[in-house]
Amino acid sequence: MDQRAAKAELRRRALEARASGGDAEALTRHLRDALSPFAGQVLAGYWPMRDEADPRPAMSAHRGPVCLPVVAGPARPLSFRLWQGEALQPGPWGTSHPADSAPEIRPDILIVPLAGFDPAGNRLGYGGGFYDRTLEMLRETGPVRAIGLAFACQQIPNIPAEAFDQPLDLIVTDLGPLRPTR
């Protein structure tokens, strides 16, 4: 089985596990704690879709600017627009984002949605590479922290990492934070 097929199978299993969910209140509490040292910095969250872990309660508690990702098109990095609670616009693939009139800003911290993760900080998304491209671009221009958000049931023992995969700096689950073991 090639790496692409192996990742697809791991993604399928992780998404199946994610459907069982976990303790949403504990997840929010742990994410708030993980974000507290970053007060005043620009936080990029995401608007959950399907049964993704929901970062919105922790985003609303963040003391600093909050932005949301905008999908510009296939195989392109995400951009980020300031979000202050206003209504969102529908985007491609079921995403939601601030209106075009919202200013673009560069995040310091990103909450990254996950299909699955492993103890080394490798992640599985949906296979489009949006966050890998985005993190690579942001890391080339300065420091940025990537915090994966998932239920503990989404952990996979080992995800095969490829050269373009961008690792997570921290993973927050309903059982608590995990520091990657790279």
On each of the three principal axes the extent of the alpha-carbon atoms of the chain, given in whole Å and largest first, is 46, 34, 30
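Rounded to the nearest 20 debye, what is the charge dipole size of the chain about its Cα centre when +1 sits on each Lys and Arg Cβ and -1 on each Asp and Glu Cβ? Write down the numbers at each step before the final one.
On the way: 20 positive and 21 negative charges, 21 e Å.
Its charge dipole is roughly 100 debye.
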To the nearest 0.05, the calculated FRET efficiency linking R106 and R50 through their beta-carbon distance, R0 being 30 Å, is 0.65
The alpha-carbon center of the stretch 135-182 and that of the stretch 9-26 are separated, in whole Å, by 16
With only helices counted (DSSP H, runs n ≥ 4, each -39500 (n - 2.57)), the per-residue ellipticity at 222 nm for the chain, to the nearest 500, works out to -8000 deg cm²/dmol
Phi angles of the stretch 111-117, converted by Karplus (6.51 cos²θ - 1.76 cosθ + 1.60, θ = phi - 60°) into ³J(HN,Hα) in whole Hz with x for Gly and Pro, give 8, 10, x, 10, 7, x, 8
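When DSSP assigns beta bridges and you keep just the ones with both residues in the chain, what percent turn out antiparallel, to the nearest 5? Present the calculation step by step, with values, prior to reporting the outcome.
Numbers: 12 of 25 bridges.
If we restrict to bridges inside the chain, about 50 percent are antiparallel.
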Cα extents of the stretch 1-102 along the principal axes, largest first, in whole Å, come to 46, 34, 22
Summing +1 per Lys or Arg and -1 per Asp or Glu among the other residues with Cβ less than 12 Å from D174's Cβ gives -1
Per GNM of the chain with C-alpha springs under 10 angstrom, the most fluctuating residue out of G22, G121, G64 is G64
When all Cα-Cα pair distances of the stretch 109-152 are considered, the percent exceeding 11 Å is 67
Checking rank on 31-40, 86-95, with mean other Cβ inside 10 Å and highest first, the result is 31-40, 86-95
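All of the numbers you see were taken from the coordinates with simple rules; none came from a lab. Just so we're clear, the structure is a prediction, and the values are computed from it rather than from any experiment. Quick reminder, even Gly has a Cβ in these numbers, built from the backbone with ideal geometry, and neighbours come from all protein chains shown.
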